[in-house]
Amino acid sequence: MRLMRQLLVMAALLPGLAFAQAPIKVGIANDLSGPFAALGAEARDGFNLAIKQLGGKLGGKPAEFLQTDMGGNPDQARQLVNRYIQRDKIDFFTGPIGSNVALAVGPVLFAAKIPYLSNNPGPSQFAGAQCNDYWFGVSYQNDAFHEAAGKVAADRGYKKMVIMAPDYPAGKDALNGFKRGFKNAVGQEIYTKLGQIDYAAELAQLRDAKPDAVYIFLPGGMGINFIKQFVSAGLNQSIKLVGPGFSADEDVIRAVGEPMLGMFNTAQWAHDLDNQQNKKFVEAFRKEYKNRTPSVYAAQAYDVIMAIDAAVKATDGKVSDRAAVLVALKKADFASVRGPFKYGANNFPIQPYYVRVIEKAPDGQITNKLVGKVFESYQDVYVGECKK
Amino acid sequence: MSTTLIAEQLLNGLQFGLMLFLIAAGLTLVFGILDILNVAHGSLYMAGAYVAAQTMQVTDSFLAAVIVAAVVTGAVGLVLELVLIRRLVVRDHLAQVLGTFAIILIANDVVKMIWGPAPMMMSMPPALSGPVQLLPELLYPAYRLLIIAVGLAAALGLYLFVTRTRAGVLVRAGASNRQMATLMGVRVPLLFLGVFVLGAMLAALAGALLGPVTAIQTGMGEQILILVLVCIVIGGIGSIRGAFVGALLVGFVDTAGRAFLPALLKLFFSPAVASSVGPTLAALSIYILMAVVLVFRPSGLFPARG
Amino acid sequence: MQEATNSSVWRSMAPTLLGLLLLLVFPLVAPALNLEFYVSFVRRVLIFALAATSLNFILGYGGMVALGHAAFFGAGAYVAAILSVQGISQALVAWPAAIAVAGALAFVIGIISLRTRGVYFIMITLAFAQMVFYLFISLRQYGGEDGISLSSPAQFPGLNLADDKTFYYVVLVIVVTCIWWLNRLIQARFGQALQGIRENEARMEALGYPVFRIKLLAFVIAGAMAGLAGALLAQHNQFVSPSLMHWTASANLIIMVIVGGIGLRYGGLVGAAVMLWLEEVLRLYTDYWHLPLGVLLLAIVLFAPRGLAGIWDSVSSRRRANTVKQERV
C-alpha cells in the first residue's frame, strides 16, 4: 500500500519534474577556424565568462549552452543552425562574427521563431528592408563605426582625406558610411584586394596624395599588414591614421604593438568606459584570462548572454512563449557594459559612440584610451526602410 | 602622376616580386629536383614566421630570430622529408598535392594549439623601422630595401650554388636524369634530403623576413602560396631563373595593376565604373597574366626539363 | 555454373540495392527515430555526392586533375539564386539554366586549360577558379562576399519543394539518375576512350582518337553536372555565397573523391558521405577538427590510395576469388 502511494505520488510529480528540468537552450555558432578565428576566440571568451558568472543558468533556471565551431563558412553555419533548430531545439541563437554568416542563417532562425541576438555583425539588410522581430542587433549597426569616424575626422579639421577599404560590399558600405559622417568631399577612395598582403602600391599613392589623414577599413590580418607597412614607410609622421574600432582593438594591438600609437578609432565601447558593470566586467575578464584586456568582441559577447539572462528572468523562464520573450528582449533591461541603451524600431541600438586613441598606459601597456564622445545617441540610417 | 610616384611604384613592384621569389625559390627547387609539388611549402613559411616572432619576443634580436627560424624549420623539413616526402616522391602529382595538403591541415591546427588563434606580433628591428631618402622627393622604407637586398642576394647565391659549386652540379644532375646520376655514384636520396631542407630553410627565411610587415596567423601560408604558385607556373616549374622572372613579373603586374589601373580606367570610363571595375581587374590581373603565358607557352617561360 | 554466375551478380549488386533501399526509406522512419534533422543532412550529402561524382568522372576516369571544380558548382548555385532574385523560381527553368551556364563555363575554361599538361593543368584550373571567385565577390548587386538569399523556394509542377521530404526525394531521384547515367557513360565507348586517354594519351592519339575533343566533352559534362549540384544546393540552403567557389571548396571535393575511391563507381558518394559526416561529428568533440581530417587524408594517400571504396572492392574481390577457387576445386 505504501509502495503504491509512493508510486502514485511520483507519477503525479513526474510531468512537473519533466517541465521543471527542461533546460533553456542557447545555440552558439563559434567562429574559431576561419578568417575571423582570432575574433571568434575573443567572443568565445566573452561568452564563457558570462556563462561562468551566471553559474550556467539563465534567469536562475537551468540552461544549456551549445557551442560548435563553423569556421566562418556560411554553408557550414547553415548546416549547424539546421541541427540546432531541428535536433537540439534551441531557444536562442548567437555567435557568428561575419555579416555574411549572419545573412545566411538569419532567415532560417526567423522562420523558426528563434531570437537571434547578434554579438557582432549588424548588416544593413537587417536594419532596413529585411528587418525582423526576431533579430536583435545587440552590438551595433555596421555603418555606425564608420560614420562616427567620419565625424571625428571632420571635427578634428582634417580637410584632405584618403579612404581605403577592400573591394567587397562591406568595404564599400564602410566608405559610404564614412563619407556620410565626414560630410565634405573626400580626396581619394582606394579599393584594395580582399586578403591583400602587400600595400606598397597603395602607400605610394598615399604619399603622393599628401592627405591630412587616411581612414582605413581593413579587418583582420589586412589591417595588421597595412599598419605595419604604413609605419615602416614613415607615413605616420605626416599622415594621421583613423579607423573603426574593430581595426584598432586589443587583438590588432597585440599583433602590431608600438607602430599603432596615435591611431584614432571609434566604437560604442571602450574598456575604460566609466560605469559599474564595465568595471566589473573588465576586472573579471583580466582575472579569468591571465591579465588580458578584453576587446570589443569579448564585451559584445558578454552583453549578449546577459541580455538573454535578463529576458529569461523577465519571462520567468517561460521561453516557449516567444511573444513574451521578444517583448522582454526589446526592453533591453539589463546592465550592459556600454551603459544603458535602447533599441530603435528595427531592433538596432540607439547609443553613444566614442572616439578612442591608442596610447601607452602608465604601466607600459599599449591600449586604447577613451578620448571623447562622437555621437550622443546615434541611430542607423536604415531604420526608415524597415517596415514591419 | 609624378615621376617620383612612378619610381616608387617600380621599386614596389621589384620589392614585391623579390618577396615572392624568396618563397618561390624553395618551392621550385624542390619541384625541379624531387619532382614533387609541395603545397605545404606555405606551412614551412608560416612555421618560419612563427618561430621568428617567438624568438624575437624572447631575445629582441632580429638576427637571432632569422637564424633560429631557419634552423628549426630546417629541422622540421628534415623530419618531414624522411617521414613523408620520400614516400610521395614516387607517387603521381595528385597524391603529392593531397598528401602535402594534409600537412597544411595538420600544421594549421598544430600552430593554433601552440600559439593560439590570435595573430602573433613581430616587431621590426628599430634600425630599419623608418624610411630612407633615396631621391630628393622619394622616401622609401628601409625595411623594404632590406627585402630587396636579401632577395637579390638569395637569387645570386642560388645561381652560384647551382652553376659553380660541386653540390650544385650534383643537384642539376639529379634533376635532369635521376637514374644516370645514381649510376654515376650520386647518392640521390641524400641529395633529395639536402635540397628539401634547403627549400625549407629558404621558406623560413622568407617567413622571418616578412614577419614584421605581414600578419602572422594561421592560414598565412595558403594566402601567399597561391601567388607563389602563379609565379613558378609562369616562370616554368623547376627553374630558379624561371622563378625569378616569374616572381618579378607577378610583382610588377600586380603592383602596376593596383597603382595605375584605376587611374587609367578613369581616362576612358566614368569614375563610378572605374572605381568598381578597376580593383576587380587589378585583382584578376596576375591570373590573366598566367593564363596568357600558358596559352603561348604551356610549360612556362623557362621550363627546367625539356 | 549458370546459377553461380547469377547469384554472384546478385551478390555484387546487393550492396547497391541495399543502399538505395535505405536511402528511400530513411525519411519515412526518421521522425520515429528522432532523426528528422538528418533528413536534410543526408540530402546535403547526396548533393555533394553528385558534385564529387562529377569530379571523379574527369579525375578518376579521365586522369584530369582539376583543382577548380568548385567554380562550376558555385556558378550553378549562383544561377539558381540570381534567377530567383529576379523573380524566376521555376525549377524547370532555373536548374537547366544552371546546367547550361556551368557547362558553358566549363567549355571556356576547358578549351584553354586542356592545352596544358600535368601540374600546369592543375595550376591553370586553380587560377580560373580564383578568377571566378574574385569576380563574384566584387559583384555588388549579387551580394558580393555577403552572398544572397533566394527569394523563395523553387517551384516544381505538382510538388512542394519547400517540404523537406519532398525535396529529399527529388534530390535522390536526380542524384541516382545522374550517377547511373555516368556509370553507363563510363562503360560505353566514350568512357572507355576516356580511360584509354588516361592510361596513355599518346597511344590514343596515334590510334586516331580525337583526344582533345573527348577530354573537353568530359570536362563539360562534369562541369554541367556540378552546376546542377550547385543549383540543388542553392535550393537546399536557400542561400549562396562566394565561399562555395573558394579554392578550399575545390580541394574539399578532391578530398572527397580520394577518400571515397578515385576512379571507382561510388567513390564520390562514399567520399561525400564520409567527409561530411566526419566534419559534423569531429566538430562536436574538438575545435581542432582539421587535424584528424588531415591525418585521415594522409593515411588514405599513403596506405589506401584507392580510397575507402577501394578497400571494400579489394575485400570483396578477394572473397570472390576465394569462392571461385573453391568452385574450381
Those Cys residues of the protein assembly as shown for which no other cysteine Cβ falls under 4.7 Å: B:Cys231, C:Cys178
Could you let me know the centre-to-centre spacing of region A:225-255 and region A:308-345, using Cα atoms, in angstrom? 38
Using 1/(1 + (r/R0)^6) with R0 = 45 angstrom and r between the beta carbons of A:Asp316 and B:Val90, what's the FRET efficiency to the nearest 0.05? 0.05
Treating only the Cα positions of region A:208-298 as identical point scatterers, give the base-10 log of I(q)/I(0) from the Debye formula at each q in 0.19, 0.23, 0.25, 0.26 Å⁻¹. -0.89, -1.14, -1.27, -1.33
Expressed as a whole number of Å, what is the distance separating the alpha-carbon centroids of region A:141-177 and region B:186-216? 42
Just add up the charged neighbours of A:Val381: K/R +1, D/E -1, any other residue whose Cβ is under 14 Å from the Cβ of A:Val381. -1
Counting only DSSP beta bridges fully inside the protein assembly as shown, the antiparallel percentage to nearest 5 is 45
Relative packing of B:50-63, C:151-164, which averages over residues the other C-beta atoms within 10 Å, highest first: B:50-63, C:151-164
For A:Ala314, net neighbour charge (Lys/Arg +1, Asp/Glu -1) across residues whose Cβ lies under 9 Å away: 0
Determine the shape class of region C:178-329: with a ≥ b ≥ c the square roots of the Cα gyration tensor eigenvalues, call it rounded for a/c under 1.5, and otherwise prolate if a/b is greater than b/c, oblate otherwise. oblate
Contact order normalised by residue count of region C:2-328, Cα under 8 Å, 6+ apart, percent: 30
Connecting C-alpha atoms closer than 10 Å in a GNM of chain B, tell me which of B:Arg164, B:Arg86, B:Arg258 has the biggest fluctuation. B:Arg164
Please list C:192-205, C:81-94 highest first by mean number of surrounding beta-carbon atoms within 10 Å per residue. C:81-94, C:192-205
Using a 10 Å cut-off on Cβ to Cβ distances, tally the other chain neighbours for every residue of B:208-215 and report the average as a whole number. 5
Using θ = phi - 60° and the Karplus form 6.51 cos²θ - 1.76 cosθ + 1.60, what ³J(HN,Hα) does each residue of region A:51-58 get, whole Hz, x for Gly and Pro? 4, 5, 5, 7, x, x, 10, 10
Two-site FRET efficiency, A:Gln53 against A:Val327, from Cβ-Cβ distance with R₀ of 22 Å, rounded to 0.05: 0.30
Return, ordered by residue number, the residues of region C:248-267 whose backbone nitrogen is under 11 Å from a label point located 7 Å along Cα→Cβ of C:Asn183. C:265-267
222 nm [θ] for chain A, helices only, -39500 (n - 2.57) per DSSP H run of 4+, per residue, to 500? -13000 deg cm²/dmol
What's the angle, to the nearest 10 degrees (0 to 90), between helix A:221-232's Cα axis and the longest principal axis of chain A? 30
Could you give the DSSP H helices of chain B that reach 24 angstrom or more along their long axis (alpha carbon positions) and whose average Kyte-Doolittle hydropathy is no lower than 0.5? B:3-34, B:62-80, B:93-115, B:142-164, B:188-210, B:240-268, B:271-296
Between C:Gly230, C:Gly144, C:Gly260, which gets the highest mean-square fluctuation from a Gaussian network model of chain C, Cα cutoff 10 Å? C:Gly144
Inter-part distance where region C:161-193 and region A:180-220 are each reduced to a Cα centre, Å: 50
Förster radius 30 Å - calculated FRET efficiency between B:Tyr159 and B:Asp60 (Cβ-Cβ, nearest 0.05): 0.30
Gyration tensor on Cα atoms of chain A, a ≥ b ≥ c root eigenvalues, a/c under 1.5 rounded, else prolate if a/b beats b/c, else oblate, says prolate
Would you kindly derive the ³J(HN,Hα) couplings of region A:353-361 from the backbone phi angles with the Karplus curve 6.51 cos²θ - 1.76 cosθ + 1.60 (θ = phi - 60°), listing them in order in whole Hz, with x for Gly and Pro? 10, 10, 10, 10, 10, 8, 9, 8, 6
Rank A:Arg156, A:Arg83, A:Arg44 by mean-square fluctuation in a GNM of chain A with C-alpha springs under 10 angstrom and give only the top-ranked residue. A:Arg156
Honestly region C:2-328 on the Cα gyration tensor test (a ≥ b ≥ c root eigenvalues; a/c under 1.5 rounded, otherwise a/b vs b/c for prolate or oblate) is just oblate
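Each reported figure results from applying straightforward, stated rules to the coordinates on display, with no laboratory input. Just so we're clear, the structure is a prediction, and the values are computed from it rather than from any experiment. Glycine also receives a Cβ, built like all others from the backbone with ideal geometry; neighbour counts cover every protein chain displayed.
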